[in-house]
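The values are calculated or read from the model by the stated rules, or taken from the named source; none is laboratory data. Please read these numbers as outputs of a predicted model, since none were measured by experiment. When we count neighbours, we look across all protein chains shown, and the Cβ atoms used for this are built from the backbone with ideal geometry, even at glycine.
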Amino acid sequence: MSERKIGIIMNGVSGRMGTNQHLIRSILAIRQQGGVKLENGVTIMPDPILVGRSEAKLKALAAAHGIARWSTNLDECLADANNEIYFDSQTTVLRAESMRKAIAAGKHLYCEKPTASTLEEALELARLANEAGLKNGVVQDKLFLPGVLKLKRLVDSGFFGRILSVRIEFGYWVFEGDWQAGQRPSWNYRQEDGGGIIVDMFAHWRYVLDNLFGNVKSVSCLGTTHIPKRWDEKGQPYTCTADDAAYGTFELEGGIIAQVNSSWAVRVDREDLLNIQVDGTEGSAAAGLRECKVQHRVNTPKPVWNPDVANPFRFREQWETVPDNQIFDNGFKVQWELFLKHVVGDAPFRWDLMEGAKGTQLAELGLLSWKERRWIDVPDLEGCR
């Protein structure tokens, strides 16, 4: 058995998502478990170098987690042949420029989504990476959530019969920042900094809908800024220029209708921050981040609309829980392991930059639909490969 050390440039990991999900719960967790083992006996051992703009943050983060390498000089990191993978979790507006540098340096690419600020840029990155023969991937973490994996299991088994509709409710109340600190960075609410829930979440909904239920064929979207004023990390007030809620309807292949509400200005009255309900001719399911419940047609109650009498049904008690039947690891870590196997062992990995571009495309079309107040068809990007 041999060890294959692989250097990974981790750019932008001092942010919340980069630190918690990608560094601590993915790369460091992989190191702590002894690496990723290939079938040929080789063990892949990631060797991260933390990159960013703040020397103080990087130094503190590296020291806190026993990481030997960090730098504020991306060009030097790209010039080091030992660094074979470039990972980007910066804000969206900074991503394309750094990705181009990484492509020019011959690095394999793995990045957060959206992959770029515009579809044109996203397609350019995919084209440049493919022309250079570089392996590339995009984080599509929700596909690896336990609740979504259980939904996929149900779809693959034919449990639903013919799927009729999908309803997704996502969001929570993000505090404004005046009397209680907000849970999200202030740039999320500034359009000029790449913020907005449509840009953020439509990239997720694209890969969830495409991979579970059918390709998105058309979109109708209404966005809004419910909270016009917030306070930033320094306690200073600012005007919100980006949407904080989006109400979308999507038509999928096979005539499936998906209704998706995304909001950072909603108080949660459901079992999880994310709820996906799927209704089909043979049965229905409702999934959260981890759990999934089902109701088959033979167990479906027969309510009759009558507001003059008390409701005799306890609807939530009439659903059955889908068992785990497996051990679920952190979804970000699972996808990192798959990408490392793709780079080192040439294992298949289909969530590439072109798949990421589809998310950017849907966000652009959602914004256009909102602006023009109309349905918009979603063109096929397969010919752009």
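Applying the criterion of being crowded, with 17+ Cβ neighbours inside 10 Å and aromatic (Phe, Trp, Tyr) to the residues of the range 156-186, the residue that is nearest to Phe144 (Cα to Cα) is Phe170.
Of all residue pairs spaced 6 or more apart or on separate chains, those with beta-carbon atoms under 8 Å, a first member in the range 152-176 that is in contact (Cβ under 8 Å) with a residue 12 or more places away in the chain and among the hydroxyl-bearing types (Ser, Thr, Tyr) and a second member that is in a loop (DSSP other than H, G, I, E, B) and surrounded by fewer than 16 Cβ atoms within 10 Å (Cβ to Cβ) are Tyr172/Gln183; Tyr172/Arg267; Tyr172/Val268; Tyr172/Leu273. Among the residues making up the range 324-368, those that are touching a Phe, Trp or Tyr at 6+ places or on another chain (Cβ under 7 Å) and more than 20 Å from Lys217 (Cβ to Cβ) are Gly331, Val334, Gln335, Leu338, Phe339, His342, Phe349.
Phe313 meets all of the listed conditions (1) free of Cβ contacts under 8 Å to residues at least 12 places away in the same chain; (2) over 30 Å from His108 (Cβ atoms) but one, namely (1). When the range 99-117 is examined, which residues are found to be under 18 Å from Val13 (Cα atoms) and aliphatic (A, V, I, L, M)? The answer is Met99, Ala102, Leu109, Ala116.
Of all helices (runs of 4 or more DSSP H) completely enclosed by the range 90-164, which ones contain at least 2 residues that are farther than 30 Å from Asn325 by Cα?
So the answer is 92-104, 119-131.
When the range 348-372 is filtered for residues that are part of a loop (DSSP other than H, G, I, E, B) and touching a residue at least 60 places away in the same chain (Cβ under 8 Å), the ones remaining, listed by number, are Phe349, Trp351, Asp352.
Every residue, every condition in (1) in a strand (DSSP E or B); (2) surrounded by fewer than 23 Cβ atoms within 10 Å (Cβ to Cβ), yes or no:
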| position | (1), (2) |
| --- | --- |
| Glu192 | no, yes |
| Gly195 | no, no |
| Lys234 | no, yes |
| Thr241 | no, yes |
| Thr249 | yes, yes |
| Val268 | no, yes |
| Asp272 | no, yes |
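When the criteria are applied in full, Ser26 meets the requirement of being among the small types (Gly, Ala, Ser), touching a helix residue (DSSP H, G or I) at 6+ places or on another chain (Cβ under 6 Å), at pLDDT 95 or above and under 20 Å from Lys341 (Cα atoms). Evaluation of Met45 against the conditions (1) in a strand (DSSP E or B); (2) surrounded by 16 or more Cβ atoms within 10 Å (Cβ to Cβ) shows that the sole unmet condition is (2).
Kindly establish whether Glu176 is more than 22 Å from Lys358 (Cα to Cα) and acidic (Asp, Glu). Taking the combined requirement at face value, the residue satisfies it. Consider Arg297 carefully, then state whether it is surrounded by 10 or more Cβ atoms within 10 Å (Cβ to Cβ) and among the charged types (D, E, K, R). Answer is yes for this residue.
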